[in-house]
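Beneath this line is the structure, given in structure tokens, with notes to follow.
The values are calculated or read from the model by the stated rules, or taken from the named source; none is laboratory data. Note that the structure is predicted; figures quoted are calculated from it, not measured. Reconstructed Cβ throughout: ideal geometry from the backbone, glycine too, with neighbour counts over all protein chains shown.
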Amino acid sequence: MLVLGTAWTGNGGHTVNRELSAGLAELGHQVTLRVSGPAGDTLPGVDVQALDPIPGIDARGQLLRTDGLPRNVDVLLGAGRFSSGAAGYLRDQFYPQAKVVHFVHAAVDELDRWRGDPDQANEHARTERDLISRADLVVGVGPLLADEARRLARMSENPPPVHELIAGITLKEPPHYYEGQRRLNVLLFGRADDPLKGADTAAYAVGELQRRGIDVQLVVRGGNPKALREQEESLSSMAAMPVKVRPFTGDQRELDSDIRSADLVVIPSRQDGFPLTALEAAGSGIPVLAGSNIGTGMFLSDPARVAPELGLPSVVPMKGNEPARELGQVWADHAEPLLRDLPGTRQRAMALRDFMAGRYTWAHASAGLVRELDSLPSRAAHSAEGQTAVRVGVVSSSVARAKSGTARQSPAAPQPTGPAAPHTQSPGQERKRGRGR
């Protein structure tokens with residue numbers, strides 16, 4: 001498997017790339033994670049290739065390079081318009097029997113409309129639609145984006161199948177609380193200057209909670225480093241009390257520290273796909289509140305997926321187009337009982353953590369994706385005229401080769417030879433092989 005990404009950290013798509021790569025490798029697949037720019041820590045069992053930038057070529061263009069490509073590839077995974085184009089190109093040029101998986105990480109036809117730029121929304125939607133039409137499988141992360149993926153796929157003459165993937169939680173040590181805590185900490189991850197992320201709603205909510213006698217503070221992680229003072233002043237004015245704005249960071253240690261300090265993580269986004277911050281908090285046993293209008297809220301409020309007594313208290317009904325001050329009252333109404341009964345709230349958060357750990361980890365997400373890939377017909381059978389498509393274990397053949405310790409082709413799934421000397425490492429490429437492999 002070849003996973004393509006334009007960066008190591010940043011948005012949720014980069015996290016999905018890393019976690020899925022590790023999960024797929026744990027299942028026994030040979031995984032190469034190829035990213036533009038520097039990479040962080042190694043991933044067990046994953047061949048991490050960090051592509052040092054070539055001047056004049058942007059991050060997406062870097063992924064078209066052939067130096068260091070693996071010789072045999074069964075599956076290429078791309079993230080939306082950022083790397084799915086490269087996945088399709090490499091498939092067409094070097095791996096014609098391989099499958100291309102297109103991940104939908106955002107509702108691109110809506111995001112920029114919410115921000116007042118319909119032209120860009122239309123352009124991004126066209127790009128996403130064209131890339132989806134060239135994919136063998138489309139993956140929507142969470143229920144909202146899976147629905148968006150199906151809508152875009154329907155625009156194709158021959159729509160590819162769509163798979164809904166629930167991003168997994170990563171279990172981490174719960175925080176150590178102390179007796180006599182007076183001030184409670186509400187945390188929001190997201191750009192402080194992006195109206196879609198709901199920092200204004202959170203500010204109005206904590207101001208209302210303070211007026212109701214709950215000593216609470218708001219921390220927003222995602223400020224613009226060049227405008228922290230202005231952003232703090234604006235949000236503090238809304239809350240009628242000081243609000244802390246911290247700059248955006250990709251440092252996982254900083255993010256983990258923020259989560260451990262929180263008594264409640266809020267996601268009041270007006271439009272969002274499946275923000276991973278809710279799952280990161282749930283993995284540490286931190287209480288969460290998410291809007292019912294985003295994929296996370298849809299997931300938590302679905303009784304077929306999450307026990308109602310665990311999921312429903314974490315969801316705030318909202319449409320997303322309400323005035324921020326009005327929404328602040330609604331969010332305060334839902335946050336107040338959680339913060340007034342911290343022992344019960346924390347106990348329920350730990351129960352949600354245990355529930356998710358048995359059903360929605362990255363291992364579960366990886367296994368579900370593999371099952372979907374194994375159900376696809378081979379590209380040779382799909383394209384042959386007059387030949388009935390047959391189902392073959394495309395991914396399973398990769399596992400067989402990995403277990404045999406050879407790179408010989410499987411008779412059931414013949415593979416092309418990759419680009420000339422694909423295993424040769426260029427001077428500008430750093431390879432990080434996972435430990436233990």
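What to note about this one:
- Any hit, the range 305-314, residues being within 18 Å of residue 145 (Cα to Cα) and in a strand (DSSP E or B): no
- Looking only at the range 79-108, and only at residues there that are among the hydroxyl-bearing types (Ser, Thr, Tyr) and part of a helix (DSSP H, G or I), the one that is surrounded by the fewest Cβ atoms within 10 Å (Cβ to Cβ): 89
- Criterion violated by residue 281 - all others in (1) surrounded by 22 or more Cβ atoms within 10 Å (Cβ to Cβ); (2) in contact with a Phe, Trp or Tyr (Cβ under 8 Å, 6 or more places away or on another chain) satisfied: (2)
- Pairs meeting the criteria (first residue in the range 55-83 and more than 17 Å from residue 18 (Cβ to Cβ), second residue in a loop (DSSP other than H, G, I, E, B) and of a type in the set (A, V, I, L, M, F, W, C), beta carbons under 6 Å, at least 6 apart or on different chains) are 72/407; 73/98; 74/98.
- A single entry from 356, 350 fulfils the requirement of being crowded, with 19+ Cβ neighbours inside 10 Å and part of a helix (DSSP H, G or I): 356.
- Residues satisfying the stated conditions in the range 325-347, i.e. surrounded by fewer than 17 Cβ atoms within 10 Å (Cβ to Cβ) and either in contact with a strand residue (DSSP E or B) (Cβ under 7 Å, 6 or more places away or on another chain) or not in a helix (DSSP H, G or I) (or both): 341
- Taking every residue in the range 16-27 that is closer than 18 Å to residue 106 by Cβ and assigned by TED's automatic domain parsing to the domain that holds residue 42 and pairing it with any residue that is of a type in the set (Ser, Thr, Tyr) and modelled with pLDDT of 95 or more, at least 6 positions away or on another chain, the pairs with Cβ-Cβ distances below 7 Å are 20/366.
- Residue list for the range 22-42, filter: within 12 Å of residue 8 (Cα to Cα) and either within 17 Å of the chain's Cα centre (by Cα) or crowded, with 24+ Cβ neighbours inside 10 Å (or both): 33, 34, 35, 36
- Residue 139 vs. criteria surrounded by 22 or more Cβ atoms within 10 Å (Cβ to Cβ), farther than 27 Å from residue 279 by Cα and either among the aromatic types (Phe, Trp, Tyr) or out of contact with any helix residue (DSSP H, G or I) (no Cβ under 6 Å at 6 or more places or on another chain) (or both): no
- Complete set of residues in the range 198-214 that are crowded, with 23+ Cβ neighbours inside 10 Å and of a type in the set (D, E, K, R): none
- Selection of the range 215-233 for residues being crowded, with 17+ Cβ neighbours inside 10 Å and touching a Lys or Arg at 6+ places or on another chain (Cβ under 8 Å) yields 216, 217, 218, 219, 220, 221, 222, 223, 232.
- Scanning the range 72-90 for residues that are in contact with a helix residue (DSSP H, G or I) (Cβ under 9 Å, 6 or more places away or on another chain) and farther than 16 Å from residue 129 by Cα yields 72, 73, 74, 75, 76, 77.
- One residue from 298, 241 being within 27 Å of residue 111 (Cα to Cα) and modelled with pLDDT of 95 or more: 298
- Entirely in the range 109-200, the strands (runs of 3 or more DSSP E) that have 1 or more residues that are of a type in the set (Phe, Trp, Tyr) and either within 30 Å of residue 342 (Cβ to Cβ) or not assigned by TED's automatic domain parsing to the domain that holds residue 331 (or both): 184-189
- Test for residue 73: is it aliphatic (A, V, I, L, M), part of a strand (DSSP E or B) and either crowded, with 23+ Cβ neighbours inside 10 Å or not assigned by TED's automatic domain parsing to the domain that holds residue 319 (or both): no
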